[in-house]
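Below is one structure, written out as structure tokens; comments come after it.
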Amino acid sequence: MVKTALLFFITAIAEIVGCFLPWLWLKKGMTAWLLVPAATSLALFVWLLTLHPAASGRVYAAYGGVYVMTALIWLRVVDGVKLSAWDWVGALVAFSGMLIIVTGWGRA
């Protein structure tokens, strides 16, 4: 379960970076060359999702829980936005959903 959560966390970072870099280009006027590492990061994201043995729908559903938590951590660390208690409770609920789904892999 820890290995799966860690893989999902790395996958979420790849997705967030792949979306954040074009945002920097479009919204902050940074160089369009950021699209090259963005595309690489998004390709890495897609490849990482294929490393799970479960059906793709289950993988995406479980990944969503980790993505929510990772996105909020990104919001705090990178964007410097203070998170509310509601943010943390929501992240915990989403992460719990991931744990429930992953626990059922292979039993369905």
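The values are calculated or read from the model by the stated rules, or taken from the named source; none is laboratory data. Quick caveat: nothing in here was measured; it's all calculated off a predicted structure. So basically every Cβ, Gly included, is an ideal-geometry build from the backbone, and we count neighbours across all protein chains shown. Side chains included, ligands, DNA and RNA excluded: accessible areas come from the protein's heavy atoms. Shrake-Rupley method; radii C 1.70, N 1.55, O 1.52, S 1.80 Å.
Scanning the stretch 54-108 for residues that are in contact with a Lys or Arg (Cβ under 9 Å, 6 or more places away or on another chain), open to solvent by 30 Å² or more (accessible area, probe 1.4 Å) and closer than 24 Å to Trp23 by Cα turns up Arg76, Lys82, Asp87. Of all residues in the stretch 1-45, those satisfying the criterion of being more than 22 Å from Trp105 (Cβ to Cβ) and part of a loop (DSSP other than H, G, I, E, B) are Gly29, Met30, Thr31.
Within the stretch 28-81, being in contact with a His (Cβ under 6 Å, 6 or more places away or on another chain) and over 12 Å from Ala5 (Cα atoms) holds for no residue. Any residue in the stretch 12-38 that's under 17 Å from Tyr67 (Cα atoms): show its pairings with residues that are among the charged types (D, E, K, R) and open to solvent by 70 Å² or more (accessible area, probe 1.4 Å) at Cβ separation under 6 Å, as long as the two are six or more apart or on different chains. Qualifying pairs under 6 Å: none.
Among residues of the stretch 56-84 that are at pLDDT 95 or above, those with a beta-carbon under 6 Å from a residue that is exposed (fewer than 13 other Cβ atoms within 10 Å of the Cβ) and part of a loop (DSSP other than H, G, I, E, B) at least six positions away or on a different chain give the pairs Leu75/Val81. Scanning the stretch 39-53 for residues that are open to solvent by 50 Å² or more (accessible area, probe 1.4 Å) and touching a residue at least 40 places away in the same chain (Cβ under 8 Å) gives Leu51, Pro53.
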